[in-house]
Every structure is written in structure tokens, then in C-alpha cells.
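A quick write-up on the structure given underneath.
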Amino acid sequence: MKGKDNPGNSLRKPELLAPAGTAEAFAAALDAGADAIYVGLKELSARALARNFTLNELANLLEAAHSRDAKVLVAMNSLLKEDELDTAINRLAGLEALGADGVIIQDLGIWRLARRYFPSLPLHASTLLTVHNSPGVIQAHRMGFKRVVLAREMTIKEIEAAAAAAPIETEVFIHGALCFSYSGLCLFSSYFGGRSSMRGKCVQPCRRLYTWKGKRGRFFSMGDLSALDMVWDLAKAGVRSLKIEGRLRPASYVYNVVRAYRILLDARPGDQDALGSARDLLGKAMARPYTKGFLSGSVPADAIRPERTASTGTFTGKILRVTRDRELVLKSNAALSHGDKLRLVRKGRDEQEPVRVTEAKKRGNEIIITTTGWKRGFDPKGALVFRVDVSSGDGQGDKRKKTLKKTRGALVAKALRMAEARVKDVSKFLASDLAKETGRPSSASPGIWAKFRGDAGKPLRGHSMPGKIILEMKEKNPHVPQARGGRKTGNVIWSLPPVIHEERIDRYEKALASLMERGFHCFQVSNIGHMVLLEKAKQRARVPAGFRLDVCGNYTQNILNSQSIRAARDLGVKIVHFSMETDMDNLKKALASSSNIPVILTVFAFPPLFTTRMSHHSYQEKAPVLSQRGERFHWTHREGVGRLLPHIPFCALNQYDAIKKLGITGLVLDFSNRPRDVKIPRIPAWDARTLKKLLRGRAFNMNSGLA
């Protein structure tokens, strides 16, 4: 009954959307009854570690899926560096020619390219765009997205409000791995190594061991999401597509999970036999312990358990000893077979080692297994054993793969030739657009902007201030003494936080309207939904007919290339804020191709490494967090949002002379997230020489490069 509503059920059956990182997983998803499958290409995917697919392979997948009335969505959801724009154009042209059923994106540059030059491609707003409330959904609809993938941190009530906000399809994750941070707002992996989670290269620091207030644990490692008994609640809330995470998971996992949800969706709501069968299948899926996450409420009690391991898979036993022949002896009743994949985990350490079984012999309640070798220095004795994949699956792997090899090569070649012609046309249009932009980088010194948190009066007392001040907003109306003190309201910019939960929207609208009525007209947006929020606040404010808003961006908009700079401008952002993740080479190239658009850049900050809705009773604001490597972090929590801050700030002031030549409008010094026990020296003058002398920190990716 895939794709059809059940008789007697008035609810519209949601689409079941499955992941596939390999051909085997794709075939398994089809066999299990997926309505749609999402995959990634070899490039520009936010799951860069998956095998992914070429355009020729994608053609096979499309034909196989369409022959079974299923759709194929393609994830081009990585942030792009300037050098990757040509690749993006080529891939968009290929997807258009092959007839992809949807393209999942986060980069505003890809959005602009697709809307202008490939308008027939259905666009889906990735969860990496951090759409988490109704204004975000409205803005996604205005931008022409067909579907928006909502943030995993939303409750059922919030999802219902978002789904009703605009005539756009909503998609919600129902199963799989959970990130500790809001997707699109995690900087941890990038800050300590240049491997950006928003470019598909996350090294998962959330899964590691930390020490907090004398206790060691995995304080940021979430359990896996399972909303098995909530699918009809989500359908009632208006959700159009139910998404399973797992492009890095094996085919056996994909089959069992998709089949479990297929059984449930094809049964009547409340069918306990179907629910039982589905749960049995999930028991074979080899995942982490399950939680309903934020679908169960804004503070899920079971999502974090610092004492448990972070490994996926089914616990199989503990290694008792290692023989002279390097055989592993473990106490277990499991039936292991040749080809099974295991993960050996040293509890209490950040050590994991994957191996495959080459032979398994049962001896009483012990299993003696021969495996592929483990890395030198890893001691398996005492390690916990998790089975993460089985060799045989359900025995259908080879048969399934054969069904994906039916595409007629001549038709594919013709489609790709058409794509090549489209690329040439688009390149001409882009060259023409660039020629119209006659601005050139200025050698004038960029202005110094400073951002502060809290009451506007505090940072203004006691010493001189720069020309532009950014003040982080609260939901309650702030006291604004600088307006009475003679400072021009145009020099004060009020910054909206990147996360505003649905219940706080009205309060923020009122606060914004009040500021507008006091003469403030400069605001900083940190999320696509803020454009809608500002518009609604202006409508309710008592302001003169000619009142004009001046909008600047925030680094959380993840602007990393010249097309995303133009996209932000197209959306109404007057001064664009470039990404803090960038390296110098990428910054130079992007600005050289968009030189007539004002751009600002953060050069000093304590960037939130995690921005999260998660909280736990063991989280202590006054106690620092320590990593195994001796790195020190600080936890803050306000307005329902937690942030993990580095003890050592980001500072790119040593690159001031190089940045100055690029024509940057303003350099932002962000003190808004300063940890409570980190002191900033008094700044007697806001010039480059003084600032370089007083402020120190990590260069982030500016010198070493962004992977």
C-alpha cells in the first residue's frame, strides 16, 4: 500500500523518505517500501564520508526508483567555497537534465544559482538552514522552496505551527542519529581542525569523553532518534515527509528501519500488532539506545546519558583475552558469521577500532573469533564488542544491485550533453553579471564594529567606543540609554539571536517594534526567518510612513562564496557578514568576485562551538568543561538555548594588513559570548595597532585552511 492512504483513515499518509549512501542501501530501501530515497553526489554532499554517486550512477537510481513509483532526492547540502561554484553549476545542470525529483540545499549561493538558471529543479531547504519556527517556514516558502526540512529540535506543537504557517511541504526526521547542536550552527569540528560539519567533514567531537565538575562522561553524545509510535501524530500535525537519517549506515540497517516504518504506515493508527512487528525489526537495526528526542518535549530526559558509550551497533560481548594467534575470545551468546563488521570500544577512553570477522567458533558460552587486524597500539583486551553490520543481510544484496543496472546509456549520454550546453550558457550569464559590477576593493581602513551582550549601557561607560555597536537582543525590551545620550541610532545595530523558539516569537516582535518606535532602524539577522520577523514587527510598530529598515547579516548565515553574498543581498541584507569559518584564500577569491557589495567580517569572538536546545542536570555553568586533550570550554544557557564556548577566542587581527586590502566594510569584535571567567582588557582606543596588541586567540581556519 505504499504511497496510498488507508481506507477508513482520514489522515493523509506521509511520504516515507529513506537514506542511501551506497547502491546496496538504495536497493534495500526500495525493497523495504520507501516512497522516496535521498542520496548524495560524489561532491558537495554534507555526508562526504559516504560513498555517494556519480551522475551516471544517479541515472541508474532514478530509473530503478521511477519504475517502482518512488522518488529520488539529491543532497547538495554542503557549504561551498568559491572554487567549488563551477562544480555546483555542472552538477545542477546534470540534475536538471536527468530529472532529479528534488535537490536538498543549504548554501544560499546554490539557491541563487538554481533559482536563476535552473528554475525547473524542485528545491528542498536542508535542516542545515536551521529552520526552527514559523517565520523560517514562511521565508523558505517566499524563497521558492518546495519543501523545508525542519530542525530536529522542534516539539510536536512547534512542528504543527510551522506546518500551518505557509503552503509548503514540511519534512521531519523520525529516526537515526541526533546532533547535539542545531544543524547549521555547529563550529566545533571546524574550530579545532578545519573539518567543517557544514561541509560534510565533521569528526564528531560530540561523541568524545569530557570532564565536567570532576566527572568524566560523554556529555554531548545523543542517543538515536526513534519516533515509531509518533508517525500518526506527525501526520496529524501536517508533516508531509518522514525522514530516516543514515547515509553512512549499511544496507541491513536501511532495510530493517525502512521496513519497520512501512509496516506501521500501512496499518491503521493504533494497530498494536503492527507496532510490535515494527519494533522487532528495529531491534535488528544495530543502533544506539533510542530516544524520542524533542518530539517528546523541549527537555528530553533520555536523550543524554553521559555514562554510556557513543558507539552504534548491537552490544555483542566483552573481550576476555587475546590468544597468541591474535584471536579474540569473548563471552557472548551471539551468532557471529564470516563478514560481520564489529566495533571494538575501550570504555572510558576515546578509542574505537573497526574489524571484520573472518572466522567464528563457538565454545560453550565463549566465541573465539579471527578478525582483520587492528591498528598498532590498540589493545583489544577488555574492549566492548558491538556488531554494526552483518555479512548476509537478508540474502538479497546481489539480486537487488542487479535491478539498478537498467538505464539506457545513449539516453544518459544525451542528457549529460544537454547539461554541458546549459553549463556554457550559465557561464556566459554569470560573466555578464560580473561585468556589470564595477566596484573595486578599497584600500581605506575598514571600520571597527563591536558587539556586546545585555544592557546597552554597560559597554558604553568608561571608555571610548567604535563607530558601530552591535547589541544582542533579548526578548524583553532592553534599556537603551545611548539613544538619550546623543549617540545616533543609526550607529547602533540590534542583533537577533540565531534561535528563537516559537513561543518567544510574539515577544521578540513586540521588542523589535518598540525599538523601531524609538528610532532604531538597523538590525542584524542571523537566520532566514528573521526577515519575516522584522517585517511583522514593522507592521505592528507605530513608525512614520517612510520608515526604512537597514539590515546587516550575521556569520551564522554561513556566507562562504560570492554567489551566497549576492543571495543575501537579493534577500534584503544590505551589509553581508562573511562566514567566520573561512580561510584567507577563499575570502580573497569570494570578495574579488563580489566587490561592489558591502561585507563585514568577524575577526575576534568566542564562537559558540555548540548551539543547542539540549540541557541536562549535570551541566554546570560555573564549572569549565575539559577535553581529553586539555582544551577548556565554558557552558552558558539563556532563553532555552545552550552554548559551549571556547576558553581561547578566535582572533584574526594578525591578518589585519591582508584583510584591509580586500575592501572589507567593517571588522567585527564580538564580545557577546565572552565566558564569565574570561576577562577582556580595557580598550583605550579602537585602532588596529592597539587591538592587535591587546587581543589574542586562535586563527581558526584563517591560516591553516578550511577542509
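The values are calculated or read from the model by the stated rules, or taken from the named source; none is laboratory data. Just so it is clear, the structure is predicted and the values come from calculations on it, not from any experiment. A quick note on method: Cβ atoms are made from the backbone with ideal geometry, for glycine too, and the neighbour counts reach across all protein chains shown.
Within the range 142-170, how many residues turn out to be of a type in the set (Val, Ile, Thr), part of a loop (DSSP other than H, G, I, E, B) and over 19 Å from residue 105 (Cα atoms)?
The total comes to 1.
In this structure, is residue 309 of a type in the set (Ser, Thr, Tyr), surrounded by 17 or more Cβ atoms within 10 Å (Cβ to Cβ) and within 15 Å of residue 383 (Cβ to Cβ)? Before you say what the answer is, go through the steps one by one.
Working: of a type in the set (Ser, Thr, Tyr): yes; surrounded by 17 or more Cβ atoms within 10 Å (Cβ to Cβ): yes; within 15 Å of residue 383 (Cβ to Cβ): yes.
Yes; evaluated as a whole, the condition is true for this residue.
Given the criteria more than 25 Å from the chain's Cα centre (by Cα), crowded, with 18+ Cβ neighbours inside 10 Å and among the small types (Gly, Ala, Ser), does residue 663 qualify?
When the stated conditions are applied, residue 663 passes them.
What's the total number of residues in the range 369-383 that are under 14 Å from residue 317 (Cα atoms), surrounded by fewer than 16 Cβ atoms within 10 Å (Cβ to Cβ) and not basic (Lys, Arg)?
Looking only at that region, the number is 1.
When you go through 355, 423, 388, 345 one by one, which is the residue that is modelled with pLDDT under 85 and surrounded by 12 or more Cβ atoms within 10 Å (Cβ to Cβ)?
388
Kindly establish whether residue 67 is modelled with pLDDT of 95 or more and out of contact with any Gly (no Cβ under 7 Å at 6 or more places or on another chain).
Considered against the rule, which asks whether it is modelled with pLDDT of 95 or more and out of contact with any Gly (no Cβ under 7 Å at 6 or more places or on another chain), residue 67 comes out as no.
Buried (at least 19 other Cβ atoms within 10 Å of the Cβ) and more than 22 Å from residue 217 (Cβ to Cβ) - does that describe any residue in the range 616-632?
no
When both residues are 6+ apart or on different chains and their Cβ atoms are under 7 Å apart, which pairs have a first residue that lies in the range 376-389 and is touching a residue at least 24 places away in the same chain (Cβ under 8 Å) and among the basic types (Lys, Arg), and a second that is surrounded by 18 or more Cβ atoms within 10 Å (Cβ to Cβ) and assigned to a strand (DSSP E or B)?
381/319; 387/316; 387/342
For the range 1-110, list the strands (runs of 3 or more DSSP E) that sit wholly inside it and hold at least 2 residues that are of a type in the set (A, V, I, L, M) and in contact (Cβ under 8 Å) with a residue 60 or more places away in the chain; which are they?
Numbers: elements: 15-19, 36-40, 71-76, 102-105.
In the range 1-110, the matching strands (runs of 3 or more DSSP E) lie at 15-19, 36-40.
Take the residues in the range 117-129 that are in contact with a Phe, Trp or Tyr (Cβ under 8 Å, 6 or more places away or on another chain) and assigned to a helix (DSSP H, G or I), then tell me which one is surrounded by the most Cβ atoms within 10 Å (Cβ to Cβ).
Once the filter is applied, the top-ranked residue is 127.
Taking the range 233-242 as the region of interest, how many residues are crowded, with 18+ Cβ neighbours inside 10 Å and in a helix (DSSP H, G or I)?
Number of matching residues: 2.
Okay, residues lined up against (1) at pLDDT 95 or above; (2) within 26 Å of residue 304 (Cα to Cα):
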site	(1), (2)
207	no, yes
218	no, yes
240	yes, no
249	no, yes
253	no, yes
257	yes, yes
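Can you name the residue in the range 446-501 that is aliphatic (A, V, I, L, M) and at pLDDT below 55 and is also farthest from residue 530 (Cα to Cα) among such residues?
Filtering the range 446-501 for residues that are aliphatic (A, V, I, L, M) and at pLDDT below 55, the one farthest from residue 530 (Cα to Cα) comes out as 460.
Based on what the data block shows, is residue 182 of a type outside the set (Lys, Arg), part of a helix (DSSP H, G or I), in contact with a strand residue (DSSP E or B) (Cβ under 6 Å, 6 or more places away or on another chain) and modelled with pLDDT of 95 or more?
On the way: of a type outside the set (Lys, Arg): yes; part of a helix (DSSP H, G or I): no; in contact with a strand residue (DSSP E or B) (Cβ under 6 Å, 6 or more places away or on another chain): yes; modelled with pLDDT of 95 or more: yes.
The answer is no for residue 182.
Take the range 156-192 and flag every residue that is without any contact (Cβ under 8 Å) to a residue 60 or more places away in the chain, of a type outside the set (S, T, N, Q) and either in the same structural domain as residue 615 (by TED's automatic domain parsing) or closer than 18 Å to residue 291 by Cα (or both).
Passing the criteria: only 179.
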